[in-house]
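Asks: One structure, as structure tokens, below. Some questions next.
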Amino acid sequence: MSTHRGFESSVLECKALAGQGILKIRWHEFLERAPDAIPSEINLVDRVEGMMLGLAVGDSLGNTSESMLPSGRQAAYGHVDNYLPNRHAHSRRVGLPSDDTQMAFWTLEHLLREGGLEPQYLGAAFARRQIYGLGMAVREFLTNFKSGMPWMHAGASSAGNGALMRIAPVLIPHIKSPGPGLWGDTLMAAHLTHNDALSNVASVAIVDLLWKLLSCETVPDRLWWVETFAATCELVEPATHYQPRMGHPADFSGTLSQLIRQYVVPALEADLSVTDACAIWHSGAYLLETVPCVVYILARHGHDPEAAILAAVNETKDNDTIAAIVGAAVGALHGVSALPPQWVSALLGRTESADDGRVFELLRDAGNKYGYGVSTLVASRVPAKITVRTAKAAFAAGDPVKVLRKIYWVKIVSFLQQNWAAIDDLPDASGVRIWFFSDVSTVFDFIDYPSRANARAALRVNGFSVFTAEDFDFIARPSPPFEWQSHPNGEIYSSGRYWIGQ
Ligand SMILES: [Mg+2]
């Protein structure tokens, strides 16, 4: 089966997949309509950056105390209102990503790179890098996808919140030119990892909510949040009677919209705290728990981004994901300028272990590409451009090349053929150089990076592994002396043709 898209329109493709029962949703003409244009008075830069940074901040505030019950978290950490000291950053109080931020920003990176949502390639983008705090469903998807299953069959049958947490960026390409492709992209991105109606319905409803929040000029009232979310669910949800996992709430059986209407509205009327309300339906990763939590927190605290995010962080169990979704919503409504500045400034902006500033770089690129602009805040956080000096004219054929480092990286590029790499320090501590060479010790390309960590990350992303005689006992490593010989296909890596993530 072809793994490539056979349709120009993501909506038509989703409709066809829904018709075949592969993509689970009740098809409704709503999904073939463009969303309303966002009013021109809206400060889109502030709102879109707020949506994405709100997501990252919420995740980072929550992921150091994820999956604890609120009482246990309170006992261990007190009331969390800042990043906890992070063992992955020398115990500094900085914001580091987990799967929510990583997969959301890799989706944005994918959209920028491909020019649109291509689910097979988005799957590959999720599969090639390490994900932190991976949920069970995404793990199952990755196993399926890496075994060669095409994207539309690789998702796990799971009503967990793993698609909902990372769906926000699919709006961004559509903001300036709204079209029904928004719903096609939403459904493809959601279905990729989660083969489940509840996940698809919730993803459509949250994208609709985020779109409306980007358009809001005033803060909506409490019931608006509930009604807006439930009404969108009703359009596209199959008449499935879901039961809560652990009998919370007891005796409930029905659809997501019914759960929200029957339980969230009365809890609001009773003015329950988030903790008391979440005790009714629980606050784990199952969508029948996550969604009412998100809607309740937004209805109660949506006017105050700090209070909303902190309620999610402190008063729910799957707190990083719930805070990421709540953060995206309050960020879309209030803008990045309304998020507590200390949270944004202490966010390292990583999507991987050492790509500090990457989320800001992606936001800058998106603002430029999609025409809504870039804030000075985001621009100021973009790391200095990694300079990739090209190999052109640096050496002549036959020139000796000194490759000093003895740790070699290898990538199998075709049958019985490998490309090799080694990372050498540049003089004056000005960075490092990755040399690329062949089996017969000819060096054919190089790329310079600011640090060894950058270079290692880039090699991994591009399919290189550290060579060990045990793992690769079928190949022999090249040995010095090395000499320069141009590659028959030119500078295959430094030109960017076969190199990503610079
Ligand atoms: Mg997470």
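The values are calculated or read from the model by the stated rules, or taken from the named source; none is laboratory data. Everything numeric in this text was worked out from a predicted model, so none of it was measured. Using ideal geometry, Cβ is built from the backbone for each residue, glycine included, and neighbour counts are taken over all protein chains shown.
Asks: In this structure, is T376 crowded, with 24+ Cβ neighbours inside 10 Å and of a type outside the set (G, A, S)?
Replies: Spelling it out, it is not the case that T376 is crowded, with 24+ Cβ neighbours inside 10 Å and of a type outside the set (G, A, S).
Asks: Only residues in the stretch 32-55 that are small (G, A, S) count as the first member; pair them with residues that are not in a loop (DSSP other than H, G, I, E, B), Cβ under 6 angstrom, at least 6 apart or cross-chain, and list the lot.
Replies: G50/G331; G50/V336; G54/G327; G54/A328; G54/V330; G54/G331
Asks: Of the residues in the stretch 299-324, how many are within 17 Å of L223 (Cβ to Cβ) and either within 12 Å of the ligand (Cβ to nearest atom) or touching a residue at least 40 places away in the same chain (Cβ under 8 Å) (or both)?
Replies: Here is the first cut: in the stretch 299-324, the ones within 17 Å of L223 (Cβ to Cβ) are 299-303, 308.
From what's left, either within 12 Å of the ligand (Cβ to nearest atom) or touching a residue at least 40 places away in the same chain (Cβ under 8 Å) (or both): 299-300, 302-303.
The number of residues fulfilling the criteria is 4.
Asks: Which of the following residues is at pLDDT 90 or above and not acidic (D, E): V413, V388, V401? Let's see the steps before the verdict.
Replies: Values: V413 fails: at pLDDT 90 or above; V388 fails: at pLDDT 90 or above.
Step by step, each of V413, V388, V401 is checked, and only V401 is at pLDDT 90 or above and not acidic (D, E).
Asks: Whether any residue in the stretch 20-43 is modelled with pLDDT of 95 or more, within 15 Å of the ligand (Cβ to nearest atom), surrounded by 20 or more Cβ atoms within 10 Å (Cβ to Cβ) and charged (D, E, K, R) is what I want to check.
Replies: Looking for residues that are modelled with pLDDT of 95 or more, within 15 Å of the ligand (Cβ to nearest atom), surrounded by 20 or more Cβ atoms within 10 Å (Cβ to Cβ) and charged (D, E, K, R), one finds none in the stretch 20-43, hence no.
Asks: Among the strands (runs of 3 or more DSSP E) lying completely within the stretch 402-485, list those that include at least 2 residues that are closer than 27 Å to A125 by Cβ and either without any contact (Cβ under 8 Å) to a residue 60 or more places away in the chain or of a type outside the set (F, W, Y) (or both). Steps first, answer last, please.
Replies: Working: elements: 409-414, 417-425, 432-437, 442-449, 482-484.
Where strands (runs of 3 or more DSSP E) fall fully within the stretch 402-485 and carry at least 2 residues being closer than 27 Å to A125 by Cβ and either without any contact (Cβ under 8 Å) to a residue 60 or more places away in the chain or of a type outside the set (F, W, Y) (or both), they are 409-414, 417-425, 432-437, 442-449.
Asks: If you check T376 against the conditions, is it of a type in the set (S, T, Y) and within 16 Å of the ligand (Cβ to nearest atom)?
Replies: For T376, the condition - of a type in the set (S, T, Y) and within 16 Å of the ligand (Cβ to nearest atom) - is not met.
Asks: Also, I was wondering about something else. Can you tell me which residues in the stretch 68-84 are touching a residue at least 60 places away in the same chain (Cβ under 8 Å) and either part of a helix (DSSP H, G or I) or acidic (D, E) (or both)?
Replies: P70, R73, Q74, D81
Asks: I'm trying to understand the selection: among the residues of the stretch 44-66, which are closer than 27 Å to V170 by Cα, surrounded by fewer than 24 Cβ atoms within 10 Å (Cβ to Cβ) and either polar (S, T, N, Q) or in contact with a Pro (Cβ under 6 Å, 6 or more places away or on another chain) (or both)?
Replies: Result: T64, single match.
Asks: Would you mind stating whether L12 is surrounded by fewer than 18 Cβ atoms within 10 Å (Cβ to Cβ) and either assigned to a helix (DSSP H, G or I) or not charged (D, E, K, R) (or both)?
Replies: yes
Asks: With the condition being buried (at least 24 other Cβ atoms within 10 Å of the Cβ), within 16 Å of the ligand (Cβ to nearest atom) and more than 12 Å from the chain's Cα centre (by Cα), I'd like the helices (runs of 4 or more DSSP H) fully within the stretch 85-193 carrying at least 1 qualifying residues.
Replies: Result: 136-146, 181-193.
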